[in-house]
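K.L.:
Pasting a structure here, questions to come.
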Amino acid sequence: MRIKPLVFLLTAALFLGTSDLPAADSPRQRERIDFDWKFTKGNVDNAQTVRFDDSEWQSVDLPHDWSIYGPFDTKAESGRSGAYLPTGVGWYRKTLTIPAADNGKQISIEFDGVYEYSEVWFNGHSLGLRPYGFISFSYDVTPYVNFSGENTIAVKVDNSRQTNCRWYSGSGIYRDVWLTATDGLHIPQWGTYVTTPKVSADSATVHVAAELRNQRSAAAPFDYVCTILDSGGKQVQSSSGSGQIDAGATSEIVTDLTVDHPSLWSVDAPQLYTTRIEVSSGGQVVDRYDTVFGIRSLDYDVNKGFLLNGTHTKFNGVCLHGDGGAVGVAVPMEVWRRRLVALKEMGCNSIRTSHNPPDPDFLDLCDELGFLVMDEAFDEWKAAKGQVKQGYHTLFTEWHDPDVTDFVRRDRNHPSVVLWSAGNEIPDQTSPQGPATARELVGLFHQLDPTRPVTAGCDNVYAEPRSASPEFMAALDIAGYNYVDRWRNRSYLYFRLDREAFPERKFIGTEDASMGGPRGNYGNPFVSENAPGAQPPAPAPAAAVSAGPGPGRRRFSAAPRIVVEQLWRVVAENDYVEGDFMWTGIDYLGEAGVGAFSGVIDSAGFKKDGYYFYQSQWTSTPMVHIFPHWNWKGHEGEVLPVYCYTNCDSAELFVNGKSYGVKGYGLMLEGMRDRYGTQTNPGRIRTTSDLHLQWDVAYEPGTLRVVGSKGGQVVATEEVVTTGEPAAIDLALDKAILNADGRDVAHLTVKIIDDQGRMVPTAGNTLQFKVEGAGKLIGVDNGSMSIDESFKGDQRTAFNGLALAILQSTRTPGEITVTVTSAGLPDCSIKLECR
């Protein structure tokens, strides 16, 4: 243990932030203040004053995104980037009472995210302006608190500078807001830094550094106890010490603790610990600060790639934007949980937070579920991108230092965060000042966190007419490649040329094409992919994306299936390539219109066929998946391809009981064994070197059945059946009981089924939703990205047989009844409970 004085530039926005909720008996009190705000759109004079009359304003709860309510308008200033949704200026106000018992404490108000250009007032006093809409920040309001009556918070949000983002950003206070009360002698928010410099199966060293700030009027003696708790709350190890701190000063507590036989954090077993620091002065506990962390080691080797806890681990990664489809960017965490669980089932172990700091609660989920996170800061540095007029390049010079500082300090204790990204496709990569800017940023990241490397997503490593300079790439700890296959012979050589030219360079695929496209849309699969004007079937994914139906719809940059398969094979077979993050895991709003179909999960959270390609490559539990659907009335006798993704050795296709043959993968052939001429696995069937199987089948209504085998044993099957016409509505909830906390959500999946209970894959029935009781409808979606239907209405058309309703609890216990109706079909209801 050692205690040393530190010198800091003390700004509230720099050091105050978020942490885990304290125990009920903690002297530190921290609570969300999300409920019962007032909101209005438009610029309002004097709305920051205490006595302003907001009685006619709309009552809202946070998180709140006003843009997602629409309407869609192709003439909106946000344009295609902003999903044609409204932006502008909005105001929020809230009154709250702070108990007299807190008089003498330090009071702060903390914002997890406000988009964008927020200015905050407390009891009429301006606290400051924060332009970057993705950053978390806070203010010390102690001097302005009225402990004997009401206090007024006013927030102006200005998202009128359009366009300022290349994807849908939303507008408003779209993440949580917190109020924290501490003693004058306390650990400031983001004031701890927990690392694990030595890790083995036998023992681990946990290094804890914590700032201690004295905002009392006099010097104070203090004692502290630092305790490590396991996931069950059991004490594992502790240390203690004491010291003295002058008034107005900040000191640092530093201690090392040893954990015997630690439970290591990994993607398969994400074990978490808590460091609890308890500070006492004058015989009384004055602060208790908890930090959740994981014990794990990270190593990036130029030859072996990435090693987690000494084990080679490939980044099976996806890029994600921050919206949640129908809920916009005000995403309840249970919406993210459903999505992340689906990605985990696909075999995904890594997420790139493209292209900005995420919600801190999102990182908590990644810690809990076992995702490796590339945490990204910016989409622009000094140089502008052509798609936006008012992007981060207008802020970089003044704000990048405090923004990076807050970003890293907020996120550096998350075990899921294993890699920083300083930027995405920044034009500075080809500019003369680019290397100097990169070195400055990387140096700032290293100063704040020397335990993780820094990369950037570079799309011009080799580009024409200008490429990223070698000096720029050398400034990065790890070279990040966006679309490594874009230029000339790199379309098939990928990383190999640079591996030879720069043998000391570390490589990672920061962004590449995925198996995207609209869910369940196959165009005309009977037409050759090479025929003039033919629409490719679903297995040919979109590297870029498509806008939804309606004005602005277009398709471009279709990437052949072979590109995705060959790239993944290169990544998988070469250890020096640390992994790849495909664009994207989930469809997102904006950039290409209403939304982009680049994901393998659609905006409603439904899985596409491409999902199963990655599952076949990233998981070992036997699986098979075949497509397209088998409803092709009027095409009897015509030939169409049937595709299969599987991780089995081989698969056999049956059509109405007739076998169309057994097929298997021919990659990674085994050599001879024991003696010359002796084959390995001589009976194994190998028919293709692709990463999918394919049969050409003359269409006849009935049943497709695929049988997957391993070691000669059937281990997986799947059927696709020709269905009848829509006959009924089927409803299914992902959970039947909600917490009556005003935050919990349930997902209601709506299927259009035939008279045999089978989903009709071509159905497009219009659905009407009615919610009664102790819940509310907060979004409807179907994955189509339609400009003709609101996400916030009570009506949605089924898209290829499916639709989704998102239900949220109120703060009143009771029953919730949801009724879904559609013309010509029987009404259908389902109930859930809110406790």
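The values are calculated or read from the model by the stated rules, or taken from the named source; none is laboratory data. Quick caveat, the model's predicted, so the values are computed rather than measured. Reconstructed Cβ throughout: ideal geometry from the backbone, glycine too, with neighbour counts over all protein chains shown. Accessible surface areas use protein heavy atoms only, side chains included; no ligands, DNA or RNA. Shrake-Rupley method; radii C 1.70, N 1.55, O 1.52, S 1.80 Å.
K.L.:
Just to check, using Stokes-Einstein with a Kirkwood Rh over alpha carbon pairs, what's the diffusion coefficient of region 397-449 at 25 °C and 0.890 mPa s in µm²/s?
P.N.:
For the chosen part, D equals 204 µm²/s.
K.L.:
In addition: Starting from the exponent 0.38 and prefactor 2.2 Å, build the expected Rg for region 757-835 from its residue count and divide its actual Cα Rg by it.
P.N.:
1.14
K.L.:
How much of the accessible area of the chain, in percent, comes from carbon and sulfur atoms when a 1.4 Å probe is used?
P.N.:
Heavy-atom surface of the chain belonging to carbon and sulfur, 1.4 Å probe: 47 percent.
K.L.:
Let me ask something additional. Which FRET efficiency value, to the nearest 0.05, do you get for D268 and T49 by plugging their Cβ-Cβ distance into 1/(1 + (r/R0)^6) with R0 = 56 Å?
P.N.:
Taking R0 as 56 Å, the efficiency between D268 and T49 is 0.50.
K.L.:
Order these peptides, 269-275, 452-458, by their mean beta-carbon neighbour count within 10 angstrom, highest first.
P.N.:
Averaged packing, sorted descending, gives the order 452-458, 269-275.
K.L.:
Right, another one. Per residue Cα convex hull volume for region 641-760, in cubic angstrom?
P.N.:
For region 641-760, the hull spanned by Cα atoms encloses 191 Å³ per residue.
K.L.:
Moving to a separate point now. Taking only Cα atoms, what is the 0 to 90° angle, nearest 10, from helix 360-369's long axis to the longest principal axis of the chain?
P.N.:
Compared with the principal axis, the helix lies near 60 degrees.
K.L.:
Can you tell me the convex hull volume per residue for region 201-335, based on C-alpha atoms, in Å³ to the nearest whole number?
P.N.:
Enclosed volume per residue, from the Cα hull, is 194 Å³.
K.L.:
Return the equivalent ellipsoid semi-axes of region 320-468 as a descending list in whole Å, where each equals the square root of 5 times an eigenvalue of the C-alpha gyration tensor.
P.N.:
They are 27, 17, 15 Å, listed largest first.
K.L.:
Where does the chain land on the Kirkwood hydrodynamic radius, alpha-carbon pairs, in angstrom?
P.N.:
Value: 28.6 Å, from the Cα pair sum.
K.L.:
Report the equivalent ellipsoid semi-axes for region 723-801 in whole Å, largest first, defined as the square roots of five times the eigenvalues of the gyration tensor built from alpha carbon atoms.
P.N.:
One finds semi-axes of 24, 16, 10 Å for region 723-801.
K.L.:
If I take the Cα coordinates of region 718-764 and project them onto the principal axes, what are the three extents in Å, biggest first?
P.N.:
44, 23, 16
K.L.:
Take region 110-221, drop everything but the C-alpha atoms, weight them equally and run the Debye formula without solvent; then report log10 I(q)/I(0) at 0.14 Å⁻¹ to two decimals.
P.N.:
Relative scattering, expressed as log10 I(q)/I(0), comes to -0.78.
K.L.:
OK, next. Angle, helix 396-411 long axis vs. longest principal axis of the chain, Cα atoms, 0 to 90°, nearest 10?
P.N.:
90 degrees
K.L.:
Which length gain, in nm to one decimal place, applies between L497 and D827 when the Cα-Cα distance is subtracted from 0.36 nm times their residue separation?
P.N.:
Taking 0.36 nm per residue and subtracting the Cα distance, the gain is 112.6 nm.
K.L.:
Please compute the modelled spin-label separation between W618 and R337, points set 7 Å along Cα→Cβ, answer in nm with one decimal.
P.N.:
2.1 nm
K.L.:
Report, to the nearest 10°, how far helix 609-618 tilts away from the longest principal axis of the Cα atoms in the chain, using its own Cα long axis and a range of 0 to 90°.
P.N.:
Tilt relative to the chain: about 80 degrees.
K.L.:
At a 10 angstrom cut-off on C-beta neighbours, averaged per residue, how do the peptides 138-147, 355-364 rank from highest to lowest?
P.N.:
In decreasing order of mean packing, 138-147, 355-364 become 355-364, 138-147.
K.L.:
I'd like to compare 44-57, 236-249, 403-416: which one has the highest average count of other Cβ atoms within 10 Å, and what's the full order after that?
P.N.:
403-416, 236-249, 44-57
K.L.:
At A247 and R161, where each label point lies 7 Å from the Cα along Cα→Cβ, what is the point-to-point distance in nanometres?
P.N.:
So the two model labels end up 4.1 nm from each other.
K.L.:
Take every Cα pair under 8 Å in region 740-835 that's 6+ residues apart, average their separations, divide by the length, and report that relative contact order as a whole percent.
P.N.:
Across region 740-835, relative contact order equals 37 percent.
K.L.:
Can you work out the accessible area per residue across the chain, with the rest of the protein chains kept in place, probe 1.4 Å, in square angstrom?
P.N.:
The answer is 38 Å² per residue.
K.L.:
Take the cross-link list K658/K751; K344/K608; K344/K607; K38/K776; K41/K792 and give me the ones stretching past 23 Å between alpha-carbons.
P.N.:
Beyond 23 Å: K658/K751.
K.L.:
Using just the helices of the chain, give the 222 nm mean residue ellipticity in deg cm²/dmol: DSSP H runs with n ≥ 4 each add -39,500 (n - 2.57), and the total is spread over all residues, rounded to 500.
P.N.:
-3500 deg cm²/dmol
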